[in-house]
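The next block holds one structure in the form of structure tokens; read it before the comments.
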Amino acid sequence: MTQQYHIAFSIFFKHQFFSDGDLKSFVVTPTAKTALKLRNMGAMIKTFQQGFHVLYDTLAHGNNRSRSGFFENGEVLKFIVMNNDTNFFNYTADCSSDISGNYFFFSNSKSDSSPSADVKESLQIGAFVGKGDLRPVDTKDPDLFVKPFGMIAIKLHKNLEETFVISFASAATYWCYVITTAYLQELAHPAIVRKETKEVFKGPIPIQLTANTTASAFFSTAAVLQKERPAGTCQLVEDYNTDNQSYKVVLPALPGPDRRHLSSLKTTEEYKEKDVSYIFI
């Protein structure tokens, strides 16, 4: 039998952290009930790295079928989202709640209490995904035996958007360079300077590494949005003169934070309640 599939709707995952803006760590599958619905409706899911399409057969049952015709029964389709990046929350903003007891829920219905609920154009509550998009695990579908990372519920209707975008924001943290290399600890009047803006990090500030070891730390003057490829270059300099901002460059290009690593250093009182990314040099 001849089949010809067209796109009914698409969902894309985005994240500020990545240079291309695409979030590629999610795996999406339909629930068992939705998989059956799709099969009975002459439709299928087609996944790709940063999202998925739902396709419908335009020649279902031997008849030509339009996109609006595919939507006319008003079904609700549900999809399970799983996350393959264990470092996801290290670089993602506004999602610091205990994820072990919650899951993300995205829907185009203003209320899920009724299948006839009003629909909306976006799947997330704000401009970016946040704590308001989390739900307690005890509200998940009873058919799901394992807590999902997220769920997507799409109510079909004749004016359904062709494309939905689920966007996550990058976390902003204070950068803290910690000097641990022996010869660098001997520098006279060291400083950390951002090359492009001439921002001078606050420091040196003594910071405790172990019970018997301290090191010099330098903190950025403001929180920095985390990026896969950080903008700008930080330099370690010596002989820094606060009067005329003169200095001698020691290390011309310092690394940025590594999203794979978190540190629980005992920091200074000023930064105790702030998110800090530690970079050891």
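The values are calculated or read from the model by the stated rules, or taken from the named source; none is laboratory data. Since the structure is predicted, the reported quantities are computational estimates derived from the model, not experimental observations. Because the Cβ atoms are built from the backbone with ideal geometry, glycine has one as well, and the counts that use them run over all protein chains shown.
Below, the figures for the structure above:
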{"quantity": "Any hit, region 11-19, residues being part of a helix (DSSP H, G or I) and either within 16 Å of residue 88 (Cα to Cα) or assigned by TED's automatic domain parsing to the domain that holds residue 79 (or both)", "calculated": "no"}
{"quantity": "The lone exception for residue 238 - which of (1) closer than 30 Å to residue 95 by Cα; (2) in contact with a Leu (Cβ under 8 Å, 6 or more places away or on another chain); (3) modelled with pLDDT of 90 or more; (4) surrounded by fewer than 17 Cβ atoms within 10 Å (Cβ to Cβ) it fails", "calculated": "(1)"}
{"quantity": "Evaluation of residue 94 against (1) of a type in the set (D, E, K, R); (2) in contact with a Lys or Arg (Cβ under 7 Å, 6 or more places away or on another chain); (3) part of a helix (DSSP H, G or I) (one fails), failing number", "calculated": "(3)"}
{"quantity": "Criterion violated by residue 144 - all others in (1) assigned by TED's automatic domain parsing to the domain that holds residue 73; (2) buried (at least 20 other Cβ atoms within 10 Å of the Cβ) satisfied", "calculated": "(2)"}
{"quantity": "Test: residue in region 114-125 that is closer than 25 Å to residue 259 by Cβ, modelled with pLDDT of 90 or more and in contact with a Lys or Arg (Cβ under 9 Å, 6 or more places away or on another chain)", "calculated": "no"}
{"quantity": "Within region 10-62, tally of residues that are aliphatic (A, V, I, L, M), surrounded by fewer than 17 Cβ atoms within 10 Å (Cβ to Cβ) and within 16 Å of the chain's Cα centre (by Cα)", "calculated": "1"}
{"quantity": "In region 210-251, residue nearest to the chain's Cα centre (by Cα) [restricted to those that are under 12 Å from residue 191 (Cα atoms) and part of a loop (DSSP other than H, G, I, E, B)]", "calculated": "220"}
